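Below is one structure, written out as structure tokens; the observations come after it.
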Amino acid sequence: LFRSATSAFMTDAVHEVKNPVAAIRAASESLESGEASPERQRRVARIVRESATRLDRLVTELLELSRAEAGMPGEERGPVDLAALAAAVAEGVSADPRFSGVAVRASAKVDRAVVDGVASRLEAALREVVTNAASFCGERGAVEVTVDADDAYVTVRVEDDGPGIEASALPHVFDRFFTTRAEQKGTGLGLAMVKAVIEAHGGRVEASSDGGRGARLTLRLPRARGVNAP
């Protein structure tokens with residue numbers, strides 16, 4: 001099973017890396033011909049720069065994903081209050097100029113919802129989920145982040161009022177490189193990273209949608225013992 005998963009990972013990675021490498025190769029061949037006009041040279045230089053940037057980002061995210069899927073060995077853990085973290089992330093995404101027309105709100109049903117984890121990883125995962133939700137809302141959309149907890153788990157729900165997720169796509173939203181966008185933006189690794197980080201903390205993540213009426217991503221993490229308010 002491990003060998004099969006590793007093989008699939010490498011196959012996905014090689015496929016995605018080939019695209020920017022091919023663009024860089026084609027650009028270099030164009031320049032080597034010596035027939036490119038100054039305008040053509042500028043366009044080729046831009047292609048090389050953009051492809052190199054994408055390749056660098058892709059390799060970095062693949063390495064981070066690999067570490068997360070391996071359980072994030074050696075990364076220091078400590079108490080993280082997901083109620084406070086959700087509020088900070090919602091505030092940050094709300095201030096992002098890309099989502100100026102989207103209302104992003106966070107609320108908590110408990111005073112504290114502390115888990116034992118890697119703070120930077122959990123922040124990045126939650127930010128990815130909230131940003132992803134905001135990106136599908138469009139103008140005047142809304143994203144609601146709700147934090148709740150019981151004796152055993154902390155639950156974070158991120159709901160949006162966007163177009164929702166097709167039933168056929170739901171089983172694949174956390175797959176590497178899967179996207180439902182007409183034009184792929186980023187690397188397609190964001191939600192795969194979220195899944196890996198949450199599972200490395202002993203939790204799980206789920207996606208649901210009522211088809212055409214928004215989407216909901218639910219993150220459940222084991223609640224830290226002895227540090228939460230009753």
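The values are calculated or read from the model by the stated rules, or taken from the named source; none is laboratory data. Quantities reported herein were computed from a predicted structural model and do not represent experimental measurements. Virtual Cβ from ideal backbone geometry, glycine too; neighbours counted across all protein chains shown. Just the protein is used for accessible areas: all its heavy atoms, side chains included, with ligands, DNA and RNA removed. Shrake-Rupley method; radii C 1.70, N 1.55, O 1.52, S 1.80 Å.
In this structure, SER28 qualifies as at pLDDT below 85 and surrounded by 11 or more Cβ atoms within 10 Å (Cβ to Cβ). Among all residues of region 80-90, there is at least one that is within 15 Å of the chain's Cα centre (by Cα), under 17 Å from HIS201 (Cβ atoms) and not small (Gly, Ala, Ser).
Quick test for you: out of ARG213, ARG204, ARG157, pick the one residue that is surrounded by fewer than 19 Cβ atoms within 10 Å (Cβ to Cβ), at pLDDT below 90 and not hydroxyl-bearing (Ser, Thr, Tyr). Outline the logic, then answer.
Working: ARG204 fails: at pLDDT below 90; ARG157 fails: at pLDDT below 90.
After ruling out the rest, the residue left standing is ARG213.
For region 64-100, which positions are assigned to a loop (DSSP other than H, G, I, E, B) and open to solvent by 50 Å² or more (accessible area, probe 1.4 Å)? Break it down into steps so the answer makes sense when it comes.
So in region 64-100, the residues assigned to a loop (DSSP other than H, G, I, E, B) come out as 70-77, 95-96, 100.
If the condition is that a residue be assigned to a loop (DSSP other than H, G, I, E, B) and open to solvent by 50 Å² or more (accessible area, probe 1.4 Å), then ALA70, PRO73, GLY74, GLU76, ARG77, ALA95, SER100 are the ones that fit.
The set of residues in region 127-154 that are of a type in the set (Phe, Trp, Tyr) and surrounded by fewer than 18 Cβ atoms within 10 Å (Cβ to Cβ) contains only TYR153.
Look at VAL44 and say whether it is of a type in the set (Val, Ile, Thr), open to solvent by less than 40 Å² (accessible area, probe 1.4 Å) and farther than 19 Å from LEU217 by Cβ.
On the way: of a type in the set (Val, Ile, Thr): yes; open to solvent by less than 40 Å² (accessible area, probe 1.4 Å): yes; farther than 19 Å from LEU217 by Cβ: yes.
Yes; evaluated as a whole, the condition is true for this residue.
Taken over region 101-126, the residue count meeting the criterion of being surrounded by fewer than 20 Cβ atoms within 10 Å (Cβ to Cβ), among the basic types (Lys, Arg) and either out of contact with any strand residue (DSSP E or B) (no Cβ under 6 Å at 6 or more places or on another chain) or under 13 Å from ASP160 (Cα atoms) (or both) is 1. Contact map, region 36-65: first residue farther than 17 Å from PRO20 by Cα, second residue charged (D, E, K, R) and open to solvent by 70 Å² or more (accessible area, probe 1.4 Å), Cβ cut-off under 9 Å, separation 6 or more or different chains; pairs are ALA36/ARG43.
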